[in-house]
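K.L.:
Encoded as structure tokens, here's the structure I'll be asking about.
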Amino acid sequence: MRKAKKFFLAAAVAFFGALAFGHNWKHSAGLSLAPAWHSIHVRGEGDKSSFVPQLSARYFGEMDNGFCLTGTVGAGVLASKDFKLDNEGDFAAGPSLGLSFGAGYAFHIGERCTLAALGSLSFDWAQIRKRKELSTITSYGRITGSWTQKDDLLLFGIGAEILGIFKLSDRVSLLCSLAVRYFDAGALIRSGEKQGKSYDDSFEARGNLCVAPSIGAALTF
């Protein structure tokens, strides 16, 4: 986990360094909707799948030689049946944030279409809070209480992305992409209280997979 954080920080420094010291850049920035699907393995609990739609701000920059960079920051929700308490049938849901950096090469197809192939690094966070009312019948009668739990999910990923840019005018473009990532490192940090007794724990969380299509629009400057 610590090694993944250092690697992600180094990638961020390289990303902003390339922007600062590169020459002849063409820049685009805009918004996109990314309805991602996550599948992870939590040690001791098995596989968990989630639907994670986010609204993302995206930057795309390209040099004259075709080298390109992209960066996204997004916010949305995580919804999953696999994070519910006990045998509840409802979805557990909570806020999510996503951050990614990518670098690669852009190919121009005619005057209006650009196709970029990129390698990427990502960081994802989500928090799921749950509450359940408890009722137990004993020889002394019915005992009621509550069960509350908070899960913080932290995931570091590495993967690849195909990004298509379609110029609608000299300034406005349509963006479409498909990113596939493997969660190389992560953790599920849990805390809660069940009928007055507090608990906390941490579990290793790693890949299976993240598939994240997106569609949006951008301005070129």
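For (1) open to solvent by 70 Å² or more (accessible area, probe 1.4 Å); (2) at pLDDT 95 or above, each residue gets a yes or a no:
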site	(1), (2)
27	no, no
38	no, no
41	yes, no
55	yes, yes
65	yes, no
69	no, no
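K.L.:
Inspect region 191-199 for any residue being in a strand (DSSP E or B), farther than 23 Å from residue 46 by Cβ, of a type outside the set (Gly, Ala, Ser) and modelled with pLDDT under 95 and give the result as yes or no.
P.N.:
Within region 191-199 (the criterion being in a strand (DSSP E or B), farther than 23 Å from residue 46 by Cβ, of a type outside the set (Gly, Ala, Ser) and modelled with pLDDT under 95), the answer is yes, since at least one residue qualifies.
K.L.:
Separate question: Can you tell which of 156, 166, 183 is modelled with pLDDT under 90 and either open to solvent by 20 Å² or more (accessible area, probe 1.4 Å) or not in a loop (DSSP other than H, G, I, E, B) (or both)?
P.N.:
Among 156, 166, 183, only 183 is modelled with pLDDT under 90 and either open to solvent by 20 Å² or more (accessible area, probe 1.4 Å) or not in a loop (DSSP other than H, G, I, E, B) (or both).
K.L.:
Now for a separate question. If you scan region 73-92, which residues turn out to be open to solvent by 60 Å² or more (accessible area, probe 1.4 Å) and in a strand (DSSP E or B)?
P.N.:
Selection gives 73, 77.
K.L.:
Condition (residue is surrounded by fewer than 14 Cβ atoms within 10 Å (Cβ to Cβ), among the hydrophobic types (A, V, I, L, M, F, W, C), part of a strand (DSSP E or B) and at pLDDT below 95) applied to region 123-134: is it met by at least one residue?
P.N.:
Yes, region 123-134 contains at least one residue that is surrounded by fewer than 14 Cβ atoms within 10 Å (Cβ to Cβ), among the hydrophobic types (A, V, I, L, M, F, W, C), part of a strand (DSSP E or B) and at pLDDT below 95.
The values are calculated or read from the model by the stated rules, or taken from the named source; none is laboratory data. Bear in mind that the values here come from a model prediction, so they are computed numbers and not experimental data. Positions of Cβ are backbone-derived with ideal geometry, glycine not excepted, and every protein chain shown enters the neighbour counts. Ligands, DNA and RNA are stripped out before the accessible areas are found, and what is left, the full protein with its side chains, is counted by its heavy atoms. Shrake-Rupley method; radii C 1.70, N 1.55, O 1.52, S 1.80 Å.
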